[in-house]
1. Lys157: which lysines have alpha carbons under 20 Å from its alpha carbon, excluding same-chain residues fewer than 8 sequence positions away?
2. How many nm is it between the label spots at Asp5 and Glu114, if each spot is 7 Å from the Cα in line with the beta carbon?
3. Would you work out which of Ala78, Thr59, His154 lies farthest towards the positive end of the dipole of the chain? Charges go on Cβ: Lys and Arg +1, Asp and Glu -1.
4. Could you do me a favour and compute the accessible area per residue for the chain, 1.4 Å probe, result in Å²?
5. Averaged over all directions, how much area does the convex hull of the C-alpha atoms of the chain cover when projected, in nm²?
6. Percent of accessible area on the range 99-187 owned by carbon and sulfur, 1.4 Å probe?
7. When only Cα pairs under 8 Å and 6 or more residues apart are kept, what is the percent relative contact order across the chain?
8. With θ set to phi - 60°, apply the Karplus curve 6.51 cos²θ - 1.76 cosθ + 1.60 along the range 100-112 and write out the HN-Hα couplings as whole Hz, x wherever there is a Gly or Pro.
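The values are calculated or read from the model by the stated rules, or taken from the named source; none is laboratory data. The structure presented is a predicted model; accordingly, all values stated were derived computationally and were not measured. Quick reminder, even Gly has a Cβ in these numbers, built from the backbone with ideal geometry, and neighbours come from all protein chains shown. Just the protein is used for accessible areas: all its heavy atoms, side chains included, with ligands, DNA and RNA removed. Shrake-Rupley method; radii C 1.70, N 1.55, O 1.52, S 1.80 Å.
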Amino acid sequence: MINLDKLYDYKPSFHFFAQQFMYPEKLDFHPTLLEQSFDLNDPTYSYVQTYWDQMHQYTMDEIKEIYTETFDFQKDCALYMTYFKFEDAKERGQMLAKLKILYEMFGLQMPDEELPDYLPLMCEFLYAAEWKGDPHAAENFKMLIMVLEDGTFHLLKALEKLESPYFHLVKALRETLKDCVEQEVHQ
(Lines give C-alpha, C1' and ligand atoms only; values in the text may rest on other atoms or scores of the structure.)
Protein backbone atom coordinates (compact mmCIF):
# COMPACT_ATOMS: atom_id res chain seq x y z
CA MET A 1 0.00 0.00 0.00
CA ILE A 2 1.33 3.42 -0.92
CA ASN A 3 1.22 6.20 1.64
CA LEU A 4 0.09 9.00 -0.66
CA ASP A 5 0.58 11.65 2.02
CA LYS A 6 4.26 10.73 2.41
CA LEU A 7 4.64 10.57 -1.36
CA TYR A 8 3.15 14.06 -1.55
CA ASP A 9 5.53 15.36 1.11
CA TYR A 10 8.45 14.17 -1.03
CA LYS A 11 7.41 16.28 -4.04
CA PRO A 12 10.45 18.62 -3.73
CA SER A 13 12.71 15.56 -3.61
CA PHE A 14 11.17 14.13 -6.77
CA HIS A 15 11.77 17.46 -8.50
CA PHE A 16 15.42 17.25 -7.46
CA PHE A 17 15.66 13.66 -8.74
CA ALA A 18 14.09 14.68 -12.07
CA GLN A 19 16.62 17.49 -12.51
CA GLN A 20 19.60 15.35 -11.58
CA PHE A 21 18.67 12.51 -13.94
CA MET A 22 18.35 14.90 -16.89
CA TYR A 23 21.33 15.97 -18.97
CA PRO A 24 23.29 18.22 -16.57
CA GLU A 25 22.99 21.98 -16.68
CA LYS A 26 24.82 24.44 -14.42
CA LEU A 27 21.65 25.42 -12.50
CA ASP A 28 21.12 21.76 -11.55
CA PHE A 29 24.09 22.11 -9.23
CA HIS A 30 23.24 25.42 -7.61
CA PRO A 31 24.38 25.31 -3.95
CA THR A 32 20.88 25.95 -2.54
CA LEU A 33 19.15 23.26 -4.60
CA LEU A 34 19.93 20.42 -2.19
CA GLU A 35 18.67 22.25 0.91
CA GLN A 36 15.52 23.35 -0.93
CA SER A 37 14.75 19.75 -1.90
CA PHE A 38 15.55 17.74 1.22
CA ASP A 39 15.11 18.11 4.93
CA LEU A 40 18.20 17.27 7.00
CA ASN A 41 16.10 14.64 8.84
CA ASP A 42 15.09 12.99 5.58
CA PRO A 43 16.03 9.28 5.74
CA THR A 44 17.68 9.55 2.32
CA TYR A 45 19.65 12.72 3.01
CA SER A 46 22.99 10.95 3.53
CA TYR A 47 22.78 9.29 0.09
CA VAL A 48 21.88 12.55 -1.62
CA GLN A 49 24.61 14.41 0.26
CA THR A 50 27.20 11.81 -0.83
CA TYR A 51 26.06 12.18 -4.46
CA TRP A 52 26.10 15.98 -4.17
CA ASP A 53 29.58 16.06 -2.62
CA GLN A 54 31.00 13.70 -5.25
CA MET A 55 29.50 15.64 -8.15
CA HIS A 56 30.87 18.93 -6.83
CA GLN A 57 34.39 17.55 -7.14
CA TYR A 58 34.02 17.73 -10.94
CA THR A 59 33.86 20.57 -13.43
CA MET A 60 30.64 21.04 -15.38
CA ASP A 61 32.27 19.56 -18.49
CA GLU A 62 33.38 16.52 -16.49
CA ILE A 63 29.86 16.07 -15.09
CA LYS A 64 28.43 16.16 -18.61
CA GLU A 65 31.00 13.60 -19.72
CA ILE A 66 30.21 11.30 -16.77
CA TYR A 67 26.49 11.60 -17.52
CA THR A 68 26.95 10.80 -21.20
CA GLU A 69 29.35 7.91 -20.61
CA THR A 70 27.04 6.47 -17.97
CA PHE A 71 23.55 6.85 -19.37
CA ASP A 72 24.15 7.04 -23.13
CA PHE A 73 26.87 4.42 -23.59
CA GLN A 74 26.21 1.83 -20.88
CA LYS A 75 23.37 -0.50 -21.89
CA ASP A 76 22.89 -1.57 -18.27
CA CYS A 77 22.44 2.07 -17.21
CA ALA A 78 19.46 2.96 -19.37
CA LEU A 79 17.14 5.56 -17.85
CA TYR A 80 14.12 3.73 -19.30
CA MET A 81 12.64 1.83 -16.39
CA THR A 82 10.80 -0.90 -18.31
CA TYR A 83 13.76 -1.63 -20.59
CA PHE A 84 15.53 -3.87 -18.07
CA LYS A 85 12.56 -6.18 -17.70
CA PHE A 86 11.06 -6.18 -21.17
CA GLU A 87 13.72 -4.76 -23.53
CA ASP A 88 11.73 -4.45 -26.76
CA ALA A 89 9.06 -7.08 -26.06
CA LYS A 90 5.35 -6.44 -26.70
CA GLU A 91 4.74 -6.24 -22.93
CA ARG A 92 6.93 -3.15 -22.77
CA GLY A 93 4.69 -1.37 -25.26
CA GLN A 94 1.66 -2.23 -23.16
CA MET A 95 3.33 -0.91 -20.01
CA LEU A 96 4.35 2.29 -21.79
CA ALA A 97 0.75 2.80 -22.89
CA LYS A 98 -0.49 2.32 -19.30
CA LEU A 99 2.02 4.85 -17.99
CA LYS A 100 1.01 7.39 -20.64
CA ILE A 101 -2.65 6.97 -19.67
CA LEU A 102 -1.75 7.42 -16.00
CA TYR A 103 0.08 10.66 -16.73
CA GLU A 104 -2.82 11.99 -18.75
CA MET A 105 -5.31 11.04 -16.00
CA PHE A 106 -3.41 13.35 -13.66
CA GLY A 107 -2.98 16.19 -16.14
CA LEU A 108 0.53 15.63 -17.50
CA GLN A 109 0.89 16.05 -21.23
CA MET A 110 3.51 13.64 -22.52
CA PRO A 111 6.27 15.18 -24.62
CA ASP A 112 6.11 13.56 -28.07
CA GLU A 113 9.84 12.90 -28.14
CA GLU A 114 9.97 11.01 -24.82
CA LEU A 115 8.86 7.57 -23.65
CA PRO A 116 6.76 7.45 -20.46
CA ASP A 117 9.20 5.16 -18.64
CA TYR A 118 12.03 7.71 -18.82
CA LEU A 119 13.22 8.10 -15.23
CA PRO A 120 13.41 11.93 -15.17
CA LEU A 121 9.89 12.12 -16.60
CA MET A 122 8.58 9.68 -14.00
CA CYS A 123 10.14 11.75 -11.21
CA GLU A 124 8.80 14.95 -12.72
CA PHE A 125 5.34 13.41 -12.82
CA LEU A 126 5.54 12.60 -9.10
CA TYR A 127 6.54 16.20 -8.51
CA ALA A 128 3.92 17.83 -10.72
CA ALA A 129 0.85 15.57 -10.43
CA GLU A 130 -1.99 16.48 -8.10
CA TRP A 131 -3.50 13.37 -6.57
CA LYS A 132 -4.80 14.59 -3.22
CA GLY A 133 -8.45 13.69 -2.89
CA ASP A 134 -8.43 11.28 -5.85
CA PRO A 135 -10.00 8.03 -4.62
CA HIS A 136 -8.19 5.99 -7.29
CA ALA A 137 -4.72 7.47 -6.80
CA ALA A 138 -3.35 4.69 -4.58
CA GLU A 139 -4.27 1.96 -7.05
CA ASN A 140 -3.09 3.99 -10.04
CA PHE A 141 0.24 4.89 -8.45
CA LYS A 142 0.92 1.29 -7.43
CA MET A 143 1.92 0.40 -11.01
CA LEU A 144 4.14 3.49 -11.31
CA ILE A 145 5.96 2.71 -8.07
CA MET A 146 6.42 -0.94 -9.11
CA VAL A 147 7.95 0.12 -12.45
CA LEU A 148 10.26 2.56 -10.65
CA GLU A 149 11.33 -0.01 -8.06
CA ASP A 150 12.00 -2.67 -10.68
CA GLY A 151 13.87 -0.39 -13.07
CA THR A 152 15.95 1.34 -10.43
CA PHE A 153 16.94 -2.01 -8.90
CA HIS A 154 18.76 -2.97 -12.11
CA LEU A 155 20.10 0.53 -12.60
CA LEU A 156 21.46 0.62 -9.04
CA LYS A 157 23.37 -2.65 -9.52
CA ALA A 158 24.93 -1.42 -12.77
CA LEU A 159 25.93 1.94 -11.27
CA GLU A 160 27.45 0.19 -8.27
CA LYS A 161 29.71 -1.86 -10.57
CA LEU A 162 30.82 1.35 -12.29
CA GLU A 163 31.38 3.08 -8.93
CA SER A 164 29.36 5.96 -10.33
CA PRO A 165 28.29 8.95 -8.22
CA TYR A 166 24.82 8.34 -9.67
CA PHE A 167 24.66 5.17 -7.57
CA HIS A 168 23.96 7.33 -4.50
CA LEU A 169 21.27 9.29 -6.33
CA VAL A 170 19.45 6.11 -7.37
CA LYS A 171 19.86 4.72 -3.86
CA ALA A 172 18.25 7.88 -2.47
CA LEU A 173 15.36 7.59 -4.92
CA ARG A 174 14.81 3.93 -4.00
CA GLU A 175 14.89 4.74 -0.28
CA THR A 176 12.41 7.58 -0.83
CA LEU A 177 10.03 5.20 -2.59
CA LYS A 178 10.55 2.58 0.11
CA ASP A 179 9.62 5.14 2.76
CA CYS A 180 6.30 5.69 0.96
CA VAL A 181 5.35 2.02 0.74
CA GLU A 182 3.59 0.57 3.75
CA GLN A 183 3.79 -3.14 4.33
CA GLU A 184 0.41 -4.79 4.55
CA VAL A 185 -0.07 -6.78 7.74
CA HIS A 186 -1.91 -10.07 7.26
CA GLN A 187 -3.66 -11.49 10.30
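1. Lys75, Lys85, Lys171, Lys178
2. My value for the distance between the label points is 3.1 nm.
3. Towards the positive end, the residue furthest out is His154.
4. Numbers: 10390 Å² over 187 residues.
Solvent-accessible surface per residue comes out at 56 Å².
5. Numbers: hull surface 46.7 nm².
For the Cα atoms of the chain, the hull's average projected area reads 11.7 nm².
6. Answer for the range 99-187 is 49 percent, counting heavy atoms of protein chains only.
7. Values: 188 pairs, mean separation 73.3, N = 187.
The value is 39 percent.
8. Ordered by residue, 3J(HN,Hα) equals 4, 4, 4, 4, 5, 4, 9, x, 8, 7, 6, x, 4 Hz.
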